[in-house]
Structures are given as structure tokens and as C-alpha cells.
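Chemist: Please read through the structure below; I'll follow up with questions.
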Amino acid sequence: MVYKLNDFIAQKIVNFIHKKSGFEVIVCDNNGTIIADSAQARIGQQHKGSMKILTTNCDSVAITPLEADASGGRIKEGLNVAIEADGVKIGTFGIAGKLEIIHPVAKIAAGMVIMMLSDEELKDNIRSQLQALSTSVDPDASDQLSNREIVIELLKSTTDSINFANENHAEIYQMIESMNNLVFKDTLTGIYNRHYIYRKLPIDIISASLSEQSLSIIISDIDFFKKVNDTYGHLVGDYTLKSFADTLSGCIKREGDWISRYGGEEFLICLPGAGVEKAIEIAEHMRRTAENNVILYGKNIIKITASFGVCSTKPATNESVVNLIARADNKLYKAKNKGRNRVES
């Protein structure tokens with residue numbers, strides 16, 4: 001039996017995942033014909049990589065550099081998820097990019113593609129695959145253990161509530177956004193979490209290198225934060241962290257810049273395309289804003305300062321994430337050793 005994917009919704013999903021992850025994404029029908037393409041240039045073409053996957057017995061295969069080269073440009077190195085119903089491979093979800101930085105949301109989105117199918121009778125098969133798809137949420141990441149179960153419940157709920165015939169695109173789109181938040185958002189501050197850093201920063205570094213631009217990161221740490229917890233209690237400490245995150249977020253004005261909670265009272269700000277001078281300017285603005293901010297919690301008035309470490313990559317240089325963060329961290333501790341409430345680069 002052959003099942004047809006809904007082309008319009010498939011393209012919506014593909015566009016969303018491409019925007020969020022930076023990966024090239026395609027969806028194919030059971031014949032290996034591309035019905036949705038993030039580049040919108042290959043729709044209707046045969047995807048040779050998909051045909052190979054459709055003949056395998058596994059749910060996903062990795063396309064190696066050798067196989068990508070042998071295809072003559074038809075496929076790229078990456079991961080391709082084959083969607084199966086009643087033992088029949090009905091489509092593939094292709095994610096091109098370095099295998100070690102495959103985006104968890106892109107993997108989960110394969111489940112959303114399954115839900116685009118027009119036959120209600122496939123619901124049982126959909127549910128049987130939810131557990132496998134949800135494992136793309138890292139169970140070892142902080143604050144993610146309970147979220148993994150929530151993702152499963154969200155997917156189950158969607159299979160029950162979506163009216164396939166009426167093509168509720170908005171519900172599917174909102175669903176993926178919800179999963180994106182569960183995987184990559186810090187529950188306390190509402191900004192991105194550490195898990196996001198190690199998924200997004202490698203992509204931004206590669207992108208900056210290919211476009212021969214610099215990329216800067218700032219690592220910031222609240223000065224003497226332990227005193228806040230010891231003096232006012234952890235509830236006030238949490239409120240202070242949220243307020244500081246809001247302050248930093250309010251200082252980000254450029255499109256493409258983003259902020260994550262690195263851990264505890266440390267925050268990482270990524271500035272793609274910014275050289276060290278621009279990054280220092282932004283960090284200094286953040287430092288002054290934090291110093292001048294008054295945090296009110298009940299009858300408590302809290303004043304804080306913060307230290308900042310800044311470093312940049314060189315144009316056309318592909319530096320590792322670990323090395324870049326280590327350099328920024330060293331600058332941060334230099335700022336602390338020099339008296340805190342300062343920017344070092």
C-alpha cells in the first residue's frame with residue numbers, strides 16, 4: 001500500500017526546520033521523489049539517496065562523505081530518516097550536515113512528517129514510533145529527563161487532535177515550536193540552555209568561516225552571586241538570575257545574535273559576524289546596564305554587577321567550540337582577578 005504525504009504541510013515543516021537548524025532538509029514520497037525542499041530547487045526530482053534508504057531495513061542511515069562524493073552532488077553527507085508504515089517505507093527525512101551536530105529538533109520533526117499522512121488508520125503505527133523519535137532529546141542534558149516524557153505526550157496529543165482532512169498547518173507548526181522550547185530552553189530564565197550552545201554554536205562558527213567573517217562570544221558571570229543566595233534565599237537568587245538574563249537579552253539588538261544560560265550564574269552570548277571591537281562594545285553596554293539596574297523582590301532591593309570575557313574567531317578560521325569557549329572563559333576569569341565588574345578581551 002502506498003501513502004502520499006501532504007506536500008503543502010511538508011514544505012511548511014521543512015522551512016521551519018531549516019530556519020531553526022541551518023540544515024538542508026528534504027521530504028520524499030515512496031518513490032523517492034522530492035515533494036518538499038528547504039532550497040525549493042529540487043521539488044519533483046528523484047533523490048538517489050532516498051531510493052537507497054527505501055530499500056534498507058533500518059529506520060535511518062548515515063550518508064558518509066564517500067557516498068556523498070559518489071552521488072555526484074545528488075546527496076550530501078548527513079542523516080536520513082526513513083518513515084515506515086505497515087512495513088512499507090513511505091518517505092525520508094534528510095538532514096545534511098556534520099553528523100556530530102545533527103539537530104535534535106530536526107529528528108523529532110520526522111515524527112511530524114509521519115503525522116502529515118492523510119490516512120487515519122496510520123495512527124496506531126504513528127504511536128508505535130513515538131518512543132524512538134523522542135530519544136533525540138538528550139536524556140543526559142540538564143533539566144531534560146522530564147521533558148523527554150513531555151515530548152512523547154505532546155506527540156500523542158497531536159495525533160489525537162489533528163484533523164488530517166482539514167490540514168491544520170498551524171497546529172503542527174506550533175507543535176514543533178513547543179518541542180523546540182522543551183529541548184533548548186532554560187526553564188528558569190526562558191532563554192536558551194547549555195544544550196543549545198553545543199548544537200547551534202558549531203553551525204554559527206562554520207557559517208562565519210565560510211562567509212569569511214568573524215564570530216564573537218561573550219561569557220558573563222554575576223559577581224558574588226553566592227552572597228545573594230546566602231543573604232536573601234534561593235527564591236530571590238532565582239529571581240535575580242531571571243532578571244539578569246532579561247537585562248542581557250534586552251541589550252541584544254542585532255539579528256542572528258543569541259544568548260544561552262551556560263550554567264549556574266554564567267551566560268554565553270553569541271554574536272555571529274561581529275569582530276572583537278563590536279563584541280567589547282556590546283559587553284560594555286551589558287555591564288553598565290546590569291550595574292545600573294535595581295532588582296526589586298518584595299521589600300528586598302538587590303544590586304548586582306557582572307564580569308565579562310570576550311573573544312572572537314578569525315575570518316575563514318574554523319575554530320572548535322571547546323577552544324572558543326575556553327578562551328572566553330579565560331578572559332572572564334581575568335576580569336574577575338582584576339576586580340570584577342569589568343570587560344576583558
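Chemist: Which far-off residues, 5 or more places away or on another chain, put their amide H under 5 Å from the one on Tyr192, with H placed in the peptide plane?
Modeler: Distant-sequence amide H within range of Tyr192: Asp186, Ile259, Arg261.
Chemist: What number do you get for the stretch 281-321 when its Cα radius of gyration is normalised by 2.2 N^0.38 Å, N = residues? Write down the numbers at each step before the final one.
Modeler: On the way: Rg = 16.3 Å, N = 41, 2.2 N^0.38 = 9.0 Å.
Against the empirical 2.2 N^0.38 Å value, I get 1.81 for the stretch 281-321.
Chemist: What figure in square angstrom, to the nearest 10, would you give for the accessible area of Lys314 with a 1.4 Å probe?
Modeler: Surface accessible to solvent at Lys314 totals approximately 150 Å².
Chemist: Right, here's the next one. Using a Förster distance of 22 angstrom, determine the FRET efficiency expected from the C-beta separation of Ser207 and Lys314, and round it to 0.05. Please report the intermediate quantities before stating the final value.
Modeler: Values: r = 15 Å, r/R0 = 0.66.
My answer for the efficiency is 0.90.
Chemist: Dipole magnitude of the stretch 259-337 about its Cα centre, charges +1 at Lys/Arg Cβ and -1 at Asp/Glu Cβ only, in debye to the nearest 20? All intermediate terms of the calculation are to be shown ahead of the outcome.
Modeler: Numbers: 11 positive and 8 negative charges, 37 e Å.
Dipole about the Cα centre, nearest 20: 180 debye.
Chemist: Distances longer than 11 Å among the Cα atoms of the stretch 185-225: what percent of all pairs is that?
Modeler: Details: 595 of 820 pairs.
More than 11 Å apart: 73 percent of the Cα pairs in the stretch 185-225.
The values are calculated or read from the model by the stated rules, or taken from the named source; none is laboratory data. Bear in mind the structure is a predicted one, so any value in this text is a computation, not a measurement. Every residue, glycine among them, receives a Cβ derived from its backbone with ideal geometry; neighbour counts consider all protein chains shown. Heads up: the accessible areas ignore ligands, DNA and RNA and are worked out on the full protein's heavy atoms, side chains in. Shrake-Rupley method; radii C 1.70, N 1.55, O 1.52, S 1.80 Å.
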